[in-house]
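K.L.:
Below is a structure I'd like to ask you about.
The values are calculated or read from the model by the stated rules, or taken from the named source; none is laboratory data. Keep in mind it's a predicted model, so treat the numbers as computed, not measured. Reconstructed Cβ throughout: ideal geometry from the backbone, glycine too, with neighbour counts over all protein chains shown.
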Amino acid sequence: MSNQNNQILKNTNAQILDEFNASIMFDKELYSQDIKGSIAHSQMLCEQGVLTFDEQKLIEDGLLQVKDEIESGKFEFSLAYEDIHMAVENRLTEIIGEPGKRLHTARSRNDQVATDFRLYVQEKSLSIKDLLKQLVDTFVNVASKHTETLIPGMTHLQHAQPLNFGYHLLAYANMFKRDLQRFESSYERNNYSPLGSAALAGTPHNIDRQSTSDKLGFTAPTAHAMDTVSDRDFALEILFNIATSMMHISRISEELVTWSSYEFQFIRMSDEYATTSSIMPQKKNPDVPELLRGKTGRVYGNLISLLTVMKGLPLAYNKDTQEDKEGVFDSVKTIEISLKILNEVIKTMIVNVDKMENACKIGHLSATDLADFLVQKQNMPFRTAYYITKDVVEKANSLNKDISELTVEEIRESNDEIKDIDEEIVMYLDLRNSMNARTSLGGTSTIQTQKQIENFKQWLEEK
Ligand code: ARG
């Protein structure tokens, strides 16, 4: 091989290696956290007499200039500097000269990246929490308009008992409330500052970790340097929290797809959130909830991917951990847009009350109420009442009626043991009465649902 060819091959290899090794093309997302962390670090070094006042001032002003350059698109991101940390430090030194080289005193990229990434995760936990709060608020508002709208409650996707639609929606308000609380508790648990852990074992410099922790809004410094630089539990937690929240988003999306189908027609999605087919001119497709459901997969993938990266790592820092970021960035972006979109879909959906209520007349939804009546009024053992009710259901089927439409005579004719049943049973089998009979705590009756709505409103106010 000629010398020239040899050189080209070497250059090509170097280029491939840089591309493989570098994280700059994705960790530039962390520029603002990196600069914030560096400013806090420099201020602490100055307080401790490691940097002079003048040096610190130059560093801080220089870092703010780098930030400006990045935000105005002037900053050149190059593979020559492996990651955002090196790129910022290098540019700082270009701007201010020798003092720039003092910034990294008592710091390693290992604690630096752990700090930047944790700051990012903490900031995002708060903004996702806000979006979840808005979503809960929307579910509660729509629910409050439908506490008397009947909808068939299902188990096994088969008609079971009548509910009100508000109650059904409140189930999702509860899910998203738990999600919000999960982000909140992760935030508390992880709000500790890695900065000052250095490479893995701390530093001989006279640093003040409490000072940087305070400046960055953390509760306190972490307790163990080696654990800190190799720990990515905070990233796993946000990935899990996002995955769980996406799972809830996916479940309501599945219902939206079903409810808007021709067979159900319970809701119509606002035209803004439905799309047309390129071939079938009559179609209106629920692409948005389908995409919300579909995007859940990648978010699960990101969680499994980082769990897998972490499982075999010896202490302390290993380059494998560089693989922690892209999945988190992707999951964060996915949940943010998903929560915003779902919020709008729920706000703007058109509820077809008649279709929901008519659907309740199929499937003998109040059958359990007959059995409950026999237990309560005639002191009958539940299992006996259950079999008698089956006979009444059969009778209704033979008459092509729903159990809620039977006359007292028809009920009496169904089984000898109830040939004298009080005529008030007819009221008990009425679908709305059946829904309203479920007054137990957490039950579906309109009164219970309204109480639950009040509790939610109070909770939202205090949030
Ligand atoms: N680029 C690395 C990351 O994203 C941070 C630097 C630590 N690297 C190192 N070789 N000590 O995790």
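K.L.:
Looking at (1) surrounded by 18 or more Cβ atoms within 10 Å (Cβ to Cβ); (2) in contact with an Asp or Glu (Cβ under 8 Å, 6 or more places away or on another chain), can you tell me which one Phe329 breaks?
P.N.:
(1)
K.L.:
If the Cβ limit is 8 Å and pairs must be 6+ apart or interchain, which residue in the stretch 145-163 that is hydroxyl-bearing (Ser, Thr, Tyr) pairs with which residue that is assigned to a strand (DSSP E or B)?
P.N.:
Short answer, once both residue conditions are applied: Thr147/Asn164; Thr149/Asn164; Thr149/Val351.
K.L.:
Go through Ile35, Ile16, Ile84, Ile24 for me and flag whichever is over 30 Å from the mean Cα position of the chain (by Cα) and of a type outside the set (Asp, Glu).
P.N.:
Matching residue, one of Ile35, Ile16, Ile84, Ile24: Ile16.
K.L.:
Still on this structure: Restricting to the stretch 40-52, name every residue that is crowded, with 20+ Cβ neighbours inside 10 Å and of a type in the set (A, V, I, L, M).
P.N.:
Residues satisfying the conditions are Ala40, Met44, Leu45, Leu51.
K.L.:
Regarding the stretch 39-55, can at least one residue be identified that is within 16 Å of the ligand (Cβ to nearest atom), within 36 Å of the chain's Cα centre (by Cα) and within 29 Å of Asp231 (Cα to Cα)?
P.N.:
yes
K.L.:
Kindly indicate the residue of the stretch 400-455 that is in a loop (DSSP other than H, G, I, E, B) and either among the β-branched types (Val, Ile, Thr) or in contact with a Lys or Arg (Cβ under 6 Å, 6 or more places away or on another chain) (or both) and also surrounded by the fewest Cβ atoms within 10 Å (Cβ to Cβ) among those meeting that condition.
P.N.:
Lys419
K.L.:
Separate question: Could you grab me the full set of residues in the stretch 303-320 that are of a type in the set (Val, Ile, Thr) and more than 16 Å from the ligand (Cβ to nearest atom)?
P.N.:
Hits for the stretch 303-320 are Ile304, Thr308.
K.L.:
Which of the residues belonging to the stretch 110-145 are within 16 Å of the ligand (Cβ to nearest atom) and either surrounded by fewer than 19 Cβ atoms within 10 Å (Cβ to Cβ) or among the aromatic types (Phe, Trp, Tyr) (or both)?
P.N.:
Phe117, Tyr120
K.L.:
Would you mind stating whether Val351 is buried (at least 17 other Cβ atoms within 10 Å of the Cβ), more than 30 Å from Ala437 (Cβ to Cβ) and more than 16 Å from the ligand (Cβ to nearest atom)?
P.N.:
No: the conditions fail for Val351.
K.L.:
Quick one: what pairs do we get from the stretch 50-66, first residue among the small types (Gly, Ala, Ser), second modelled with pLDDT of 95 or more, C-beta under 7 Å, 6+ apart or different chains?
P.N.:
Gly62/Leu92; Gly62/Ile95; Gly62/Ile96; Gly62/Gly100
K.L.:
Does Leu103 fit the bill of being more than 15 Å from the ligand (Cβ to nearest atom), modelled with pLDDT of 95 or more, buried (at least 21 other Cβ atoms within 10 Å of the Cβ) and not hydroxyl-bearing (Ser, Thr, Tyr)?
P.N.:
yes
K.L.:
OK, next. Could you tell me which numbered condition Ala220 fails, if it satisfies all but one of (1) small (Gly, Ala, Ser); (2) within 16 Å of the ligand (Cβ to nearest atom); (3) free of Cβ contacts under 8 Å to residues at least 60 places away in the same chain?
P.N.:
The single condition Ala220 does not satisfy is (2).
K.L.:
State which residue is farthest from the ligand (Cβ to nearest atom) when the search covers only the stretch 202-215 and only residues that are without any contact (Cβ under 8 Å) to a residue 40 or more places away in the chain and over 33 Å from the mean Cα position of the chain (by Cα).
P.N.:
Pro204
K.L.:
A further question follows. Before we move on, is Glu29 under 33 Å from the mean Cα position of the chain (by Cα), at pLDDT below 95 and within 16 Å of the ligand (Cβ to nearest atom)?
P.N.:
It is false that Glu29 is under 33 Å from the mean Cα position of the chain (by Cα), at pLDDT below 95 and within 16 Å of the ligand (Cβ to nearest atom).
K.L.:
With the requirement that a residue be under 17 Å from Tyr192 (Cβ atoms) and among the aliphatic types (A, V, I, L, M), what does the stretch 86-126 give you?
P.N.:
Val113, Ala114, Leu119, Val121, Leu126
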